[in-house]
Amino acid sequence: MRRLASASLRSPWREVHTPPASAGASTSISILGVQYPRDACTNVPPSILAKIPRGLHRVPNHPLNIIKRRIEAYFQRLNSKYALSDSLPPVVTTTANFDDLLIPTSHPSRAPTDTYYVNATHVLRTHTSAHQRDVLRLRPQPVGHLVTADVYRRDEVDVSHYPVFHQMEGIRTFERAKLEEEVEVDRIPERPAGVDITDEAAEPGGTNSVQNAHGKEEAMMVAQHMKRTMEGMVVELFGAGSKAGENGEPLKMRWIEGYFPFTGPSWELEVLYMGKWLELCGCGVIQQAILDETGNNDRVGWAFGFGLERLAMKMFDIPDIRLFWSEDPRFLSQFKSGDLGTLRFQPYSKYPACYKDVSFWIPVEGYHDNDMYELVRDVAGDLVEDVALIDAFVHPKTKRVSKCYRINYRSMDRTFTNDEIDEIQEGVRQAIVERLGGDLR
Ligand code: PHE
């Protein structure tokens, strides 16, 4: 992969984005001290490599850490035998990230436009589910697991999307022969009065059917346990009372049908927050093949995965996902008390925005909008608030495709000068030519 010659740019933020020495033109890529051979599939840019050591979910007083600890404490109160992990390395095999989870070879999530490939056989995990088999192989097998980790996806650029975010995977299994007793063991809190929960997809059927390996009653028992556990978690986070409802309305949640290759039946849980349904997580009854192949054929269980940023943004009124990465003390110091109930982020100031458009003819083959989004994050770093595709057209004669993107620059911690932005924009334009093979207009 070619890199922009960044040395010519002198702005202070440049230094932050200087890639590690090992990320240059060498034949290997170094991640957390391990060398991986580069090959034609390698597509992890230096800006992403630089984020890997941060481990935001382990930083004391970081909002992601506050939420993680709160959820861990909730689960340990339910059952002290949940095993916790938050430091599994982010490089996993394509087998662990996809095949082990029964994700079909044609599934779009495998595309290099969506996933960071370290090389042909290894990726930066795209979800915490990549560790399901690791933890299910442990002996003795604990009753359950919570795995918190940074996950990586190539995606759009706006206030709620960032190529690195954090997820927590929850897993709970039961001895099949003693299911009825075991689902009673956890101390799941009673549903508090006034919490409004709808579950129109309660009965599996149609596209959301019970697995052949399971009896209907058995699957429903597992699903019930999962739903009650997760509802309790939402009450724990938002408070029954609740700040979530508009004008003091009660906390509202709903279960809707979901689809994941590694669970069946599957659901998604949404919470009504300030008048909008917020998708919290995906979950379901673990595919029995996954349990069987990890030596748990005498067990059944459920799994969920949910994203921490989206939740934290709502709970603490954090308006922009880039703030999680801020090293400005004005950000972190606000979360010292760790009080979920009353803590609200006070924006230190809204700095002026400045947008720049860039138009270019895209290469005839192999171009994806995500290539452009990543390039902008890579070159301009966190000074970019969002990138929007504002126009696209096909030349009537040559059939070449032209795209115009609007890059919205806004720093989170200072005001920048026009010259600075011009210089960065020039860097973006150069990179479009050098890295994407675009033809500027
Ligand atoms: N891994 C899924 C995702 O990232 C979420 C999930 C986890 C769904 C576990 C079901 C069970 O979207």
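The values are calculated or read from the model by the stated rules, or taken from the named source; none is laboratory data. This structure is a prediction, so every number in the text was calculated from the model and none was measured. When we count neighbours, we look across all protein chains shown, and the Cβ atoms used for this are built from the backbone with ideal geometry, even at glycine. All accessible areas refer to the heavy atoms of the entire protein, side chains included, with ligands and DNA or RNA removed. Shrake-Rupley method; radii C 1.70, N 1.55, O 1.52, S 1.80 Å.
With a cut-off of 8 Å between alpha carbons and a minimum separation of six or more residues, what is the relative contact order of the range 299-437 in percent?
The normalised contact order for the range 299-437 reaches 26 percent.
Mind ordering 31-40, 382-391 by average Cβ neighbours within 10 Å, highest first? If you can, show how the numbers build up before the last one.
Values: 31-40: 13.2, 382-391: 18.6.
By packing density, highest mean first, the sequence is 382-391, 31-40.
Which FRET efficiency value, to the nearest 0.05, is calculated for Thr95 and Tyr348 with the Förster distance at 35 angstrom and r the Cβ-Cβ distance? Walk me through the numbers before you get to the answer.
On the way: r = 45 Å, r/R0 = 1.29.
Calculated value: 0.20.
Given a 10 angstrom Cα cut-off, can you work out which residue in Glu190, Glu293, Glu309 is the most mobile in a GNM of the chain?
Highest fluctuation among the options: Glu190.
In debye to the nearest 20, how big a dipole does the range 63-161 give about its Cα centre with +1 on each Lys and Arg Cβ and -1 on each Asp and Glu Cβ?
500 debye
Within the range 279-308, name every residue whose backbone N is under 15 Å away from a label modeled 7 Å from Cα of Thr198 along the Cβ vector.
Residues 279 qualify, since their backbone N sits under 15 Å from the label point.
Which of the residue pairs Lys252/Lys314; Lys51/Lys276; Lys227/Lys336; Lys314/Lys356; Lys356/Lys399; Lys252/Lys276 have a Cα-Cα distance greater than 22 Å in the structure shown?
Pairs exceeding the cut-off: Lys51/Lys276; Lys227/Lys336; Lys314/Lys356; Lys356/Lys399.
Using bins 5 angstrom wide from zero, how does P(r) for the range 324-441 break down, in % of all Cα pairs?
Histogram of Cα-Cα distances, whole percents per bin: 2, 10, 19, 18, 14, 11, 9, 7, 5, 3, 1, 1, 0.
Which is farthest toward the positive dipole end of the chain among Leu124, Gly381, Ile71, measuring Cα position about the Cα centre, with Cβ charges +1 (Lys, Arg) and -1 (Asp, Glu)?
Gly381
Quote the charge dipole size of the chain about the Cα centre in Debye, to the nearest 20; the model charges only the Cβ of Lys and Arg (+1) and of Asp and Glu (-1).
Numbers: 52 positive and 61 negative charges, 190 e Å.
Dipole of the chain, to the nearest 20 debye: 920 debye.
By how many degrees, between 0 and 90 and to the nearest 10, does the Cα long axis of helix 216-238 differ from the longest principal axis of the chain?
It works out to around 60 degrees.
Just from the alpha-carbon atoms, what are the Rg and Dmax of the chain in angstroms?
23.1, 72
Considering only protein heavy atoms, what per residue accessible area in square angstrom results for the chain with a 1.4 angstrom probe?
44 Å²
Return a whole-number percent for the relative contact order of the range 176-268, with Cα pairs under 8 Å and 6 or more residues apart as the contact set.
38 percent
At 1.4 Å probe size, with the rest of the protein present, what percent of the exposed accessible area of the range 82-142 is carbon and sulfur atoms? Present the calculation step by step, with values, prior to reporting the outcome.
On the way: 1480 of 2370 Å².
Summing carbon and sulfur atoms, their accessible area is 62 percent of the total for the range 82-142.
According to the square roots a ≥ b ≥ c of the eigenvalues of the Cα gyration tensor, what is the shape class of the range 202-320, taking rounded for a/c under 1.5, prolate for a/b larger than b/c otherwise, and oblate for the remainder?
Working: a/c = 2.52, a/b = 2.13, b/c = 1.18.
Prolate, since a/c reaches 1.5 and a/b exceeds b/c.
How large, in percent, is the carbon and sulfur part of the accessible surface of the range 253-394 at a probe radius of 1.4 Å?
Numbers: 2770 of 5540 Å².
Of all accessible area on the range 253-394, carbon and sulfur atoms account for 50 percent.
Rolling a 1.4 angstrom probe over the protein chains, ignoring ligands and nucleic acids, what is the accessible area of Phe98 in square angstrom, nearest 10?
The accessible area of Phe98 comes to roughly 0 Å².
Among 264-271, 405-412, 212-219, 169-176, what's the highest-first ranking by average C-beta atoms within 10 angstrom per residue?
264-271, 169-176, 405-412, 212-219
Subtract the Cα-Cα distance of Glu217 and Ser30 from 0.36 nm times their separation in residues, and report this length gain in nm to one decimal.
Full extension of this stretch gives 62.4 nm more.
Taking the Cα atoms only, what angle lies between the long axis of helix 418-436 and the longest principal axis of the chain, rounded to 10 degrees?
Taking Cα atoms only, the helix is inclined about 80 degrees.
With the full set of protein chains in place, find how many percent of the accessible area of the range 402-441 is carbon and sulfur; take the probe as 1.4 Å.
40 percent
How far, in degrees from 0 to 90, does helix 63-78 lean away from the longest principal axis of the Cα atoms of the chain, to the nearest 10?
10 degrees
Stretched out fully, how many nm does the piece from Leu278 to Ile256 gain, at 0.36 nm a residue minus the Cα gap? Can you show the working numbers first?
Values: separation 22, 0.36 × 22 = 7.92 nm, distance 1.21 nm.
Taking 0.36 nm per residue and subtracting the Cα distance, the gain is 6.7 nm.
Under unit Cβ charges (Lys, Arg +1; Asp, Glu -1), what dipole magnitude, rounded to 20 debye, does the range 270-328 have relative to its Cα centre?
Working: 5 positive and 10 negative charges, 41 e Å.
With only Lys, Arg, Asp and Glu charged at Cβ, the dipole is about 200 debye.
Could you tell me the accessible area of Lys81 in Å² (1.4 Å probe, neighbours in place), rounded to the nearest ten?
About 130 Å², rounded to the nearest 10.
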